Amino acid sequence: MTSDFTRSRERMVDLIASRGSRDERVLAAMREVPRELFVPPHMQDFAHEDAPLSIGEGQTISQPTIVAMMIEAAEIGPGSNVLEVGAGSGYVVALLSRIARNVYAIERHRRLGEAASERLARLGYANAEIRIGDGSKGRPEAAPFDAILVSAAAAEMPETIRQQLAMGGRLIVPVDEDIAGQALQRITRRGEDDYDVETLAKVQFVPLVGEG
Ligand code: SAM
């Protein structure tokens, strides 16, 4: 029997596709991963709205359309080694784990990071691992990465993180533009110190808080 949540997930994915997402692997992962289990219980009925939702500690699970855009832009394949900075609820980590080979993530709020790790273990996303700490310096021990998603807004281009890209690797990061929001950038590593920068969209994320 198809549950109400399964149906509302399908509606959410139809909406995301109608807004321009074309990557079938991303859409399939979004159909499969139960977003309703990544939000607080009293929010479950809103879990498939195309909106960010509060997850506690002043943080949010990001808007599904933006999540789809970021993962699609990162061009992740089944062999990819991937990093997410700002794991929050673990929802993006779960999506990435359906698409990539290995997923490394980092979250600065211990309570959120531990809850996300337990959730991923319970749901069986075994190729993903969340560490608690400051992700503004990336995760050098697991680099180089084919793709890096930064899910919080950086004041400027995070230099240490981009150096953890493999050659040809893609970093997707919202970088502060003005008081009203950020430019979502795709930074592709072309050589040792050679990066292409493209702006994908105007977005609004909670800030990246950390040394790097
Ligand atoms: N992708 C997450 C999800 O699927 O639920 C939502 C990310 S939320 C918009 C941004 C997250 O980045 C917050 O949980 C916040 O605590 C975290 N964050 C901010 N600065 C950080 C840092 N320096 N290192 C690690 N996490 C950080």
Criterion (touching a His at 6+ places or on another chain (Cβ under 7 Å), without any contact (Cβ under 8 Å) to a residue 60 or more places away in the chain and acidic (Asp, Glu)) met by exactly one of GLU57, GLU10: GLU57
Within the range 135-162, track down each residue that is over 20 Å from GLY77 (Cα atoms) and either of a type in the set (A, V, I, L, M) or surrounded by fewer than 15 Cβ atoms within 10 Å (Cβ to Cβ) (or both). PRO140, GLU141, ALA152, ALA153, ALA154, ALA155, GLU156, MET157, GLU159, THR160, ILE161
Result of the Cβ filter at 6 Å on the range 91-102, keeping first residues that are open to solvent by less than 10 Å² (accessible area, probe 1.4 Å) and within 10 Å of the ligand (Cβ to nearest atom) and partners that are small (Gly, Ala, Ser) and not in a helix (DSSP H, G or I), at least 6 apart or interchain, is VAL93/ALA87; VAL93/ALA105; VAL93/ALA128
Would you confirm, using the coordinates I've provided, whether SER117 is within 23 Å of GLN204 (Cα to Cα), outside any strand (DSSP E or B) and hydroxyl-bearing (Ser, Thr, Tyr)? no
Go through the range 13-54 and give me each residue that's among the small types (Gly, Ala, Ser) and within 14 Å of the ligand (Cβ to nearest atom). ALA29, ALA47, ALA51, SER54
Checked the range 176-189 for anything part of a strand (DSSP E or B) and exposed (fewer than 13 other Cβ atoms within 10 Å of the Cβ); matches are ASP178
Go through the range 103-114 and report how many residues are more than 8 Å from the ligand (Cβ to nearest atom), under 13 Å from the mean Cα position of the chain (by Cα) and surrounded by fewer than 24 Cβ atoms within 10 Å (Cβ to Cβ). 0
Residue selected from the range 133-146 under the condition touching a residue at least 40 places away in the same chain (Cβ under 8 Å) and more than 14 Å from the ligand (Cβ to nearest atom), by the criterion nearest to ILE106 (Cα to Cα): ALA142
Could you list, in sequence order, the residues of the range 161-212 that are within 12 Å of the ligand (Cβ to nearest atom) and polar (S, T, N, Q)? GLN182, GLN204
Which of the numbered conditions does GLY86 fail, given that it passes all the others? Conditions: (1) open to solvent by 20 Å² or more (accessible area, probe 1.4 Å); (2) within 12 Å of the chain's Cα centre (by Cα); (3) away from the ligand (no atom under 11 Å from the Cβ). (3)
Confirm whether SER117 is more than 12 Å from the ligand (Cβ to nearest atom), under 25 Å from SER54 (Cβ atoms), modelled with pLDDT of 95 or more and surrounded by 14 or more Cβ atoms within 10 Å (Cβ to Cβ). yes
Can you run down the residue pairs with Cβ atoms below 7 Å, 6 or more apart or on separate chains, where the first is in the range 30-54 and within 21 Å of ARG122 (Cβ to Cβ) and the partner is more than 12 Å from the ligand (Cβ to nearest atom) and part of a loop (DSSP other than H, G, I, E, B)? ARG35/HIS48
Within the range 9-22, identify whether any single residue is among the basic types (Lys, Arg) and under 17 Å from the mean Cα position of the chain (by Cα), and answer yes or no. no
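The values are calculated or read from the model by the stated rules, or taken from the named source; none is laboratory data. All values derive from a computational prediction rather than experimental measurement. No Cβ is skipped: glycine too gets one built from the backbone with ideal geometry, and neighbour counts run over all protein chains shown. Areas reflect the complete protein model, heavy atoms only, side chains present, ligands, DNA and RNA absent. Shrake-Rupley method; radii C 1.70, N 1.55, O 1.52, S 1.80 Å.
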